[in-house]
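A.B. asks: Let me begin by handing over the structure; questions about it come next.
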Amino acid sequence: MRVLVVEDERMLADAIAKGLRGEGMAVDVCYDGDSARLRLAAYDYDVAVLDRDLPRVGGDDLTRKVVAGPHSTRVLMLTVAAGVDDRVHGLSLGADDYLAKPFAFAELVARVRALARRTAPAAPPVLERAGITLDTVGRQVFRGGRYLPLSKKEFGVLAELLRPGAAVVSSERLLEKVWDEHIDPATNVVRVTMMTLRRKLGDPPVIETVPGSGYVVREDRP
C-alpha cells in the first residue's frame, strides 16, 4: 500500500515513515499542509496520516480536500487533543479514524492497515494462486511448501499480482503501490525486481509479461 504521512514535527514524521516502510509500505512524507495538498491531488494514496495541527493548510482543511477529491484515500488524523468533542469534530469533517498523541506504533500500523482494507476490495490474509501461498500478516511466501525469502519489494510486487481479481498489473501500478515518490518513473526497477522474483519462485515459471501492458500470474503455465 502507499501512505502519505503529513506531520510538521520532522523527527516524528521521519520516525513514522521509517516504521511504516519497515512494515512493507511505500511511504511519502510532507512537513506542511501546502506540499501535502499538492501530493494528495497528484497521487491516489491508500491512506493519509494527517497531523491536525499543521502550519498554513491545517489537517482539517486537508481532510475536507481529500473527501471532496477524486481519490479514495482514507484519512487517519493525529492530534494531541484527545477530548470527545475533538474526535467528533475530526470525524465529522470526513476523517476515517482518529488517533491521539502519544500513541503506540503498533496501534498506528494496525489502524493504517485497517483503513487500507477499506480503500480497495478486501483481500484475504492469505493469497493463493498457481501453487504460491502468500501470508500478508506473517509476511511469508511459500511455493509448493518451500519457503521463499523475498525482499520487501519482491513481496509487495507478488502481493499485487496475487490480489483477488488482479488480471494484468502494469509497471505504473506497481511503482505507485510498492515504491514511493523518490523512485524515478523511467527506472527499470520493476523489471529488475521481477527478474529476481521469478528466479526465487523457480520453475515452472508463473509470472508472464504481457507486452505493452504489464505482468500477470498464470495458473495454466506448462
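The values are calculated or read from the model by the stated rules, or taken from the named source; none is laboratory data. Computed from a predicted model, the values in this text were never measured in an experiment. Please note: Cβ atoms are built from the backbone with ideal geometry, for glycine as well, and neighbour counts cover all protein chains shown. Ligands, DNA and RNA are excluded from the accessible area calculation, which covers all protein heavy atoms including side chains. Shrake-Rupley method; radii C 1.70, N 1.55, O 1.52, S 1.80 Å.
A.B. asks: Looking at segment 75-100, which of the residues that are assigned to a loop (DSSP other than H, G, I, E, B) and modelled with pLDDT under 85 is most open to solvent (accessible area, probe 1.4 Å)?
C.D. replies: Only one residue fits best here, namely 80.
A.B. asks: Of a type in the set (A, V, I, L, M, F, W, C), modelled with pLDDT of 90 or more and in contact with an Asp or Glu (Cβ under 7 Å, 6 or more places away or on another chain): does that describe residue 115?
C.D. replies: For residue 115, the condition - of a type in the set (A, V, I, L, M, F, W, C), modelled with pLDDT of 90 or more and in contact with an Asp or Glu (Cβ under 7 Å, 6 or more places away or on another chain) - is not met.
A.B. asks: Oh, and also: Of the residues in segment 185-207, how many are touching a Lys or Arg at 6+ places or on another chain (Cβ under 7 Å) and either open to solvent by 90 Å² or more (accessible area, probe 1.4 Å) or closer than 17 Å to residue 156 by Cα (or both)?
C.D. replies: 4
A.B. asks: Filter segment 19-63 for residues that are over 19 Å from residue 9 (Cβ atoms), open to solvent by 30 Å² or more (accessible area, probe 1.4 Å) and among the aromatic types (Phe, Trp, Tyr) and give the result.
C.D. replies: Scanning segment 19-63 gives a single hit, 43.
A.B. asks: Then there is this: Take residue 176 and decide whether it is at pLDDT 90 or above and among the acidic types (Asp, Glu).
C.D. replies: Considered against the rule, which asks whether it is at pLDDT 90 or above and among the acidic types (Asp, Glu), residue 176 comes out as no.
A.B. asks: Can you spot a residue in segment 34-48 that is part of a helix (DSSP H, G or I), in contact with a strand residue (DSSP E or B) (Cβ under 7 Å, 6 or more places away or on another chain) and of a type in the set (A, V, I, L, M)?
C.D. replies: Yes, there is a match, as at least one residue in segment 34-48 is part of a helix (DSSP H, G or I), in contact with a strand residue (DSSP E or B) (Cβ under 7 Å, 6 or more places away or on another chain) and of a type in the set (A, V, I, L, M).
A.B. asks: So, of the residues in segment 1-14 that are open to solvent by less than 60 Å² (accessible area, probe 1.4 Å) and not in a loop (DSSP other than H, G, I, E, B), which turns out to be nearest to residue 160 (Cα to Cα)?
C.D. replies: Among them, the one singled out is 2.
A.B. asks: Looking at residue 220, is it open to solvent by 60 Å² or more (accessible area, probe 1.4 Å) and either part of a loop (DSSP other than H, G, I, E, B) or modelled with pLDDT under 85 (or both)?
C.D. replies: For residue 220, the condition - open to solvent by 60 Å² or more (accessible area, probe 1.4 Å) and either part of a loop (DSSP other than H, G, I, E, B) or modelled with pLDDT under 85 (or both) - is met.
A.B. asks: For segment 140-173, which residues satisfy the criterion of being crowded, with 17+ Cβ neighbours inside 10 Å, part of a loop (DSSP other than H, G, I, E, B), of a type in the set (A, V, I, L, M, F, W, C) and modelled with pLDDT under 85?
C.D. replies: 166
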